[in-house]
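The values are calculated or read from the model by the stated rules, or taken from the named source; none is laboratory data. For clarity, every value in this text was computed on a predicted model and none was experimentally measured. Here the Cβ positions follow ideal geometry from the backbone for every residue, glycine too, while neighbour counts run over all protein chains shown. Remember, those area values only see protein heavy atoms, side chains included, never the ligands or the DNA or RNA. Shrake-Rupley method; radii C 1.70, N 1.55, O 1.52, S 1.80 Å.
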Amino acid sequence: MDIHPVTVDDLPAVLDVVGRAFADPAHGGEPVEVGLTERLFADAGYLPALALAAWVDRSMVGMVIGTRGHVGDLPAVGVGPLAVSPDRQGHGIGTALMHAELDAAGAAGERVVALLGEPDFYGRFGFGPAAALGIDSPDPAWGRHFQALLLDRSPAPRGVFRYAAPFDDL
Ligand SMILES: CC(C)(COP(=O)(O)OP(=O)(O)OC[C@H]1O[C@@H](n2cnc3c(N)ncnc32)[C@H](O)[C@@H]1OP(=O)(O)O)[C@@H](O)C(=O)NCCC(=O)NCCS
């Protein structure tokens, strides 16, 4: 498996992976994550170094994107979506993508990464409840599913987390 940043030419493959990973047969239609991902690629908050995909035999099998968010006035990264092709799930690809994403964020000098997701999955990367760091969720209803990770030892910025603009349309 190979993980590296995507280019704009990869966008159709990225959207295909996202669509299949988040497909909900009970409801049908295109998952909201597809439109969200497309808008994130076109947004001012797009961070090229944090849009990564995993390939096996030249086929894209997973993707993750991190975009510019803020805690109060300070820059931070909002991660998501993270998606692995359904036929490839459970083989370590999502884990490898998240490790690569965090490495890339650290290398880019980012200090704070936040996301909405399953604590049981993201806890293995060091994420914990954002509220415990003084970072408030954009939506209080998200509770402990809104998680954050500090990438350096400086004190956490405090305040409400704000995602890149396309998240506001969800
Ligand atoms: C979640 C997802 C990215 C994980 O990728 P993956 O390649 O299947 O995961 P890995 O093989 O690296 O890791 C599997 C581990 O994650 C756990 N896991 C996977 N999905 C999980 C979930 N939704 N909640 C909790 N744990 C989860 C598995 O139980 C497994 O645990 P183990 O290592 O202790 O056995 C993938 O299943 C996916 O694309 N799901 C649909 C889209 C989605 O829900 N994205 C995440 C939004 S927060």
Could you size up the charge dipole of the chain around its Cα centre, putting +1 on the beta carbon of Lys and Arg and -1 on that of Asp and Glu, and report it in debye to the nearest 20?
-> 520 debye
Heavy-atom accessible area with a 1.4 angstrom probe orders Asp168, Asp43, most exposed first, as Asp168, Asp43
Out of Pro129, Val77, Tyr163 - ranked by how far each Cα lies towards the positive end of the dipole of the chain, with unit charges on the beta-carbon of charged residues - the top one is Pro129
Note, region 11-23: 3J(HN,Hα) by Karplus (6.51, -1.76, 1.60, θ = phi - 60°), whole Hz, Gly/Pro = x, goes 4, x, 5, 4, 5, 5, 4, 4, x, 6, 5, 9, 4
Name the trypsin sites (Lys or Arg not before Pro) in region 72-170 that are in a loop by DSSP and that have at most 14 other C-beta atoms within 10 Å, would you?
-> Arg153, Arg158
Under 5 Å between amide H atoms, partner at least 5 residues away or on a different chain: which partners does Tyr46 have, H built in plane at 1.01 Å?
-> Arg68
Taking 46-57, 26-37 and ranking on average Cβ neighbours within 10 Å, highest first, one gets 46-57, 26-37
With DSSP loop assignment and no more than 15 other C-beta atoms within 10 Å, the trypsin sites (Lys or Arg not before Pro) in region 16-86 are Arg58
With a Cα-only, solvent-free Debye model of region 2-169, what are the log10 I(q)/I(0) values at q = 0.19 Å⁻¹?
-> -1.29
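Okay, helix-only estimate at 222 nm for the chain: each DSSP H run of n ≥ 4 adds -39500 (n - 2.57), divide by all residues, round to 500 deg cm²/dmol; what do you get?
Taken over the chain, the calculation gives -7000 deg cm²/dmol.
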With the Cα gyration tensor of region 6-77 giving a ≥ b ≥ c as the square roots of its eigenvalues, does the rule (a/c under 1.5 for rounded; else a/b larger than b/c for prolate; else oblate) give rounded, prolate or oblate?
-> oblate
